[in-house]
Amino acid sequence: MTPLSALLVRDMRIAIRVGGGALIGVLFFVVVVTLTPFAIGPDLALLKRIGPAILWLAALLASLLALDRLFASDHEDGSLDLILTGRAPLELVIAAKGLAHWLTTAVPLIVAAPLIGLLLNIEPPAQAGLVLTLLVGTPALTFIGIVGAAIAVTLRRGGLLLAIIVLPLTVPVLIFGVAAANAAVAGPAPFGTPFTVLCALTLASLVIGPFAAAAALRLDIE
Amino acid sequence: MRISELANPSRFVRAANLVMPWLSGAAAIVFAFALYRAMLAPDDYQQGATVKIMFLHVPSAWLGMLCWALMTVAALGTLVWCHPLADVTAKAAAPLGAAFTLLCLVTGSLWGRPEWGTYWVWDARLTSELILFLLYLGVIALWRTVEDPSRAARAVAILTLVGAIDLPIIKFSVDWWNTLHQGASVLRVGGSTIDPTILIPLLLMTAAFTLLFVTLLLAAMRNEILRRRVRTLRLLQASVAG
Amino acid sequence: MRVNAVDLACRRGGRDVFAGVSFQLARGEALAVTGRNGAGKSSLLRIIGGFIRPAGGRLWLDGGDPELSIAEQAHYLGHQDAVKPSLSVAENLHFWTAFFGADARKVQDTLERVGLGAIAALPAAYLSAGQRRRLSIGRLLAVKRPIWLLDEPSSTLDAAGRDRLTDFMKSHLAGGGLILAATHGALGLSGTQELSLDQKIPLPVSGDNLGGGSEAKVGAVTP
C-alpha cells in the first residue's frame, strides 16, 4: 500500500467508526432542511422555488462540520507531527485527507439529497440536476475548507474561526451551484453555463487548496 | 422466577432464548391472519385499493410512538431506579422505533401523493412525525458517540425525556392545527368512527406489529447484553496482556 | 553520518529558553539531554526534528541521504503517542509502516517484540498509557531510520518496559544508529554523552550570555 493510499484508508476508517460515523453529516443536513419551513412557512410553491438553494446551504454547513476535526484531531495526538516527517509531499498528503473527507462527508449527503429534496417538493426529474451540481460542487467546498482547517489547526476555538474564514471563500461555489441547480429545476436559464463554471471552480480548488493548506501548516513551524 | 429476577442480564438472556421462538411464531401467525383480513376489507369509494396502505401506515405510526414511550419509561428506569436492564432496553429499542417511524413516513408519503399531488406537505402531523424520526436518529447517534455505555445511557435518558413531549404533539396535532392529514378516528372521546370491517384488520395488524416489535426488541436486547460482555472481556484482555 | 549543532538557541513564547547549545553525534553514539523542567529539552529535540526553527545557530547533517532533511531521516517519539483509539493496535502500526514506506509484513513481529502481540486486534482505545507508549516504540522498530529523537521515552513504562526499551536502544546503536534522548534519569546505555541544558540559560537583563560554545557542563548558573 502506498503512503497516500494508507492515509486515505486510515482517515476513512476513522471517520466511519468514530461517533455517529458518516451519518452525522446527513442527519445535520436533514435537520437544517427541516428547519427551513418553520422559518419560511410551509408554502409548497415557495419551497420548490428555493429548494435547491436550501439544499446547497445545508450541504455547505454539513461539510463544514467535519472540517475542523480534519487536522485538529491529528494535531492533538501528535500524528500531524509524524505525518510531516514522512517522505510524501505535504500537498499530496493534504489532498488525500481532503479526498477522505469528501468521501465520508459529502458523498452520503449527495446520496440523501434526492430524498430530502422530496421534503421540499423538488420533483424527481429536477433532482438529477441538483445531484449533479452537488457531486461536482462539494469537492470545491471540501478543498476550500481544508485551507481554513489548516489555518485554524492550532487555535482553541478553531471551529468558529474556521467557519468565518471558509464561508466567504465558498461564495462563488454557492452562487454557481445554486444557479445550475435552479436551471435544472425550473429552466429557463441554460444549465450548461453555470455548471461549467462550477466545474472550473472545483478543479481550481483541487489544486490551490492543498498548496495553500500546506503553506499554512508549514507556517506553524515557528 | 419473578419478573424482578429477570433484571439479572444472564437470566434475562436465558429467558429471552426460551420465549423468542414462541413469540416469533405467534407474530408470524397473527401477521398472516391480519393480512388475510386486510385483503378482505372493502376498497375506499374514492381512493380504491390504495386505502389499504393504511394497514401498514397506522400501525407503524402507533408503534413508532409506543417505542418512544417505552424508551421514556426505560429512561426513568435508568435515572430514577438505576435498573440494570433499563438502558439495554432503551438502546435496543431506538433503531426499531426509528424503523417504524420511517415506515410510517414513507407509506404515508406514498399514500398521500395521489390525493395531495405531492410527496410531502409541511402540515402539523407530518412535521411532528418527521421530528420524531429525527429525534430517534439523534438518540442513535448519541448512543454511538459516547463510548462508555453507562455514561451514554444517562445522556440518552435525558434526551428521551425531553423528546417525549413530541408524542402528545403528534397525537393532538390534527385537533390543534388545521391540517391536511385526516383527523383522529380510532382513539378519540366518544369511541371509534371506523367501520368494523376495517377496524378489525387494523387492530389485528397492530397486534401483529406489536408482536414483531417485542420479538425484535428481545433479540436486540440480547445482542446488546452480549456486546457489553465482549467489551468487558476486551478490557480484561488488555489489562492482562500487561 | 554525523549530526552537528553549533550555538543553537531557542525562543518560545517570547522567552529565551536556551542558547549556545553545541554537540556532535556520530553513528553508534547516544546523547542524553538533561535539565530541570522548562530547561528546553523537548524544544531542543523538536528543533532537531524540524518542528521548530531555532532562534540562532546552525544544525546540519554530515553523510546520510543528501535529498532528505534531518526530520525525514529521524524518528520522533514525543510525549504524545499518535495512537488512534478507533483503530486496532495492528491497524495503527500498519498505517505508520505503510505511510513511512516500510515492509508491512513486519507488523506482527514488531508487535510481539514490544509485547502487544496477543492484543493486536484489540481497539487501541482499550490500551493503557504504557501500552500506547509501547505501540509508539513499535513504530521505531518497524520503520528503519538512523536517527532516534526520544523525549522522555520511558515515562509511562513499567520496569519490564524500560528494560525492553534499553535493549532496543542498544541494538539500534549497535546497528549504526544515533540516539538523542531527553531524560530525567539515566538512559542505561554505556558511553552516553551528556548535554545539560541547565547551564545554557541566557541571562535576560545584562545582555551578557553565560554558557558559550562548549558542550561540556562547565560552570554553574548564576541567577
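Give the aspartates and glutamates whose C-alpha is closer than 17 Å to that of B:LYS91, dropping any in the same chain fewer than 8 places away, or say none.
B:GLU147, B:ASP148, B:GLU224
What is the distance in Å between the Cα centres of region C:32-66 and region C:144-202?
Cα centres, region C:32-66 to region C:144-202: 15 Å.
So how far apart, in nm, are the two label points at C:ASP167 and C:HIS184 if each is 7 Å from Cα heading toward Cβ?
Each label point lies 7 Å from its Cα, and together they span 2.6 nm.
Based on DSSP, what percent of beta bridges with both residues in chain C are antiparallel, to the nearest 5? The partial results should precede the final answer.
Details: 15 of 32 bridges.
Percentage antiparallel, nearest 5: 45.
Taking the Cβ of A:GLU123 as the center, what net charge do the other residues with Cβ under 13 Å away carry, scoring Lys and Arg +1 and Asp and Glu -1?
On the way: positive: A:LYS48, A:ARG49, B:ARG113; negative: none.
Cβ neighbours under 13 Å give a net charge of +3.
Give the residue from B:ALA34, B:ILE198, B:VAL186 lying farthest towards the positive end of the charge dipole for chain B; charges sit on Cβ (+1 for Lys and Arg, -1 for Asp and Glu) and the dipole is referred to the Cα centre.
B:ALA34
For all pairs of alpha-carbon atoms in chain C, what percent lies in each bin of width 10 Å, listed from the first bin to the last filled one?
Reading upward from the zero bin: 8, 32, 33, 20, 6, 1.
Going Cα to Cα from C:LYS144, which lysines come in below 27 Å? Please leave out same-chain ones fewer than 8 positions away.
A:LYS97, C:LYS41, C:LYS84, C:LYS106, C:LYS170
In the protein assembly as shown, what percentage of the DSSP-assigned beta bridges are antiparallel, given to the nearest 5?
Numbers: 16 of 33 bridges.
Taking every DSSP beta bridge within the protein assembly as shown, about 50 percent pair in antiparallel fashion.
Could you give the length gained on full extension between C:SER69 and C:ARG53, defined as 0.36 nm per residue of separation minus the Cα-Cα distance, in nm?
4.4 nm
Would you pull out the residues with amide H under 5 Å of C:SER196's amide H, same chain only if 5 or more places away, H placed 1.01 Å from N?
C:THR34
How large is the convex hull of the C-alpha atoms of region A:3-219 per residue, in Å³?
Values: hull volume 24.5 nm³, N = 217.
So the per-residue hull volume is 113 Å³.
What whole-number distance in Å separates the alpha-carbon centres of region A:139-201 and region C:85-115?
After rounding, the separation between the Cα centres reads 38 Å.
Grab the Cα-Cα distance for A:ARG87 and A:LEU35, subtract it from 0.36 nm times how many residues apart they are, and report the gain in nm with one decimal.
Numbers: separation 52, 0.36 × 52 = 18.72 nm, distance 4.67 nm.
Additional length available on full extension: 14.0 nm.
Taking the dipole about the Cα centre of region A:13-107, with the C-beta of Lys and Arg at +1 and of Asp and Glu at -1, give me whichever of A:ALA72, A:LEU82, A:LEU57 is farthest to the positive side.
Among A:ALA72, A:LEU82, A:LEU57, the one farthest towards the positive end of the dipole of region A:13-107 is A:LEU57.
Looking at the P(r) of the protein assembly as shown, how many percent of alpha-carbon pairs lie beyond 35 Å?
Numbers: 134984 of 235641 pairs.
Distances greater than 35 Å cover 57 percent of the Cα pairs.
Give, as a single signed number, the net charge of other residues whose beta carbon lies under 13 Å from the beta carbon of A:ALA66, with Lys and Arg counted +1 and Asp and Glu -1. Walk me through the numbers on the way to the answer.
Working: positive: A:ARG69, A:LYS97; negative: A:ASP11, A:ASP68.
Neighbour charge sum, excluding A:ALA66 itself: 0.
Assuming a ≥ b ≥ c are the square roots of the Cα gyration tensor eigenvalues, decide whether chain B counts as rounded (a/c under 1.5), prolate (otherwise, with a/b larger than b/c) or oblate. If you can, show how the numbers build up before the last one.
On the way: a/c = 2.39, a/b = 1.69, b/c = 1.42.
Judged from the Cα gyration tensor, chain B comes out prolate (a/c at least 1.5, a/b above b/c).
Compute the label zone of B:THR145 within region A:27-58: residues whose backbone N is under 15 Å from the point 7 Å along Cα-to-Cβ.
A:27-32
Using a Förster distance of 30 Å, how high is the FRET efficiency between B:ALA32 and B:VAL106, based on the Cβ-Cβ distance and rounded to 0.05? Each step should come with its number before you reach the end.
Details: r = 23 Å, r/R0 = 0.77.
The value I calculate is 0.80.
Length gain on complete extension for the stretch B:ILE53 to B:ILE200, per 0.36 nm per residue less the alpha carbon to alpha carbon distance?
Values: separation 147, 0.36 × 147 = 52.92 nm, distance 1.51 nm.
Stretched out fully, the B:ILE53 to B:ILE200 stretch lengthens by 51.4 nm.
Read-outs throughout are calculated quantities, based only on the coordinates presented, and are distinct from any laboratory measurement. All figures in this text were calculated on a predicted structure; none of them were measured in a lab. We place every Cβ from the backbone using ideal geometry, glycine too, and count neighbours over all the protein chains shown.
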